[in-house]
Amino acid sequence: MNIKRIEPMEYNIMFDLIRRVFMDCVQKEYTEEGTSYFIENFCTPDSAYGKKIESGQETAFGAYDEDHLAGVITVSEHGNISCAFVEKAYHRQGIGRMLFLHAKDFIEKDHTPPYVIKLNASPYAIPFYEALGFRKTDDQAEYHGMVYTPMALRVQ
């Protein structure tokens, strides 16, 4: 598995992966409004999230099994995790952890420990993030039907 920055010519593949994994794994925890909101705002290059990636406000990294994009993680300009998705066929193989460690190394280029990495986890992803050392910082919340729990990891 090779982890590298996702190039603009691969953004459509990345957004397709995010949409597929969302629909397969996360969507069942969301309301119909939340599903629509996520698809409209996070799953196309023209979405608000897509524009953040294009402008450099978000940096996207991919896990590649040869030439196949198996997973993605994005880091905000503030050093927080925005999206992390791994193809269902690749779950439980350490790819999410590899992506996170790569993102953490990227964050450390601009942040000297100690610092905090924050994210909003879907109910589906909470066990994964807890295994990485993240802890819940607040109760579950909802935004436009999207259910999430704020989490943080203090890096020493």
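Numbers for the structure displayed
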{"item": "Computed [θ] at 222 nm, helices only, for the chain once each DSSP H run of length n ≥ 4 contributes -39500 (n - 2.57)", "result": "-9000 deg cm²/dmol"}
{"item": "For the range 53-63, 3J(HN,Hα) per residue [Karplus equation, 6.51 cos²θ - 1.76 cosθ + 1.60, θ = phi - 60°, Hz, x = Gly/Pro]", "result": "5, 4, 7, x, 5, 10, 10, 10, 10, x, 9"}
{"item": "Backbone HN-Hα couplings from phi across the range 117-132 [Karplus 6.51/-1.76/1.60, Hz, Gly and Pro as x]", "result": "9, 10, 6, 10, 9, 5, x, 4, 8, 4, x, 4, 5, 5, 5, 7"}
{"item": "Over the chain, equivalent-ellipsoid semi-axes from the Cα gyration tensor in Å", "result": "21, 20, 16"}
{"item": "Whole-number percent relative contact order across the range 1-153, with pairs defined as alpha carbons under 8 Å at least 6 apart", "result": "25 percent"}
{"item": "Amide H contacts of residue 70 (H built 1.01 Å from N, under 5 Å, at least 5 apart or other chain)", "result": "63, 64, 65"}
{"item": "Cα centroid separation, the range 88-133 to the range 1-46 (Å)", "result": "17 Å"}
{"item": "Residue order, fewest to most surrounding Cβ atoms within 10 angstrom, among 18, 13, 73", "result": "13, 18, 73"}
{"item": "Set of lysines near residue 109 by C-alpha distance (under 30 Å), chain-local residues within fewer than 8 positions excluded", "result": "4, 51, 52, 118, 136"}
{"item": "Choice from 116, 86, 75 with maximal GNM fluctuation in the chain (Cα, 10 Å cutoff)", "result": "116"}
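Taken together, the values in this text are just the output of simple stated rules run on the coordinates, not laboratory data. No experiment lies behind these values; they were computed from the predicted model shown. So basically every Cβ, Gly included, is an ideal-geometry build from the backbone, and we count neighbours across all protein chains shown.
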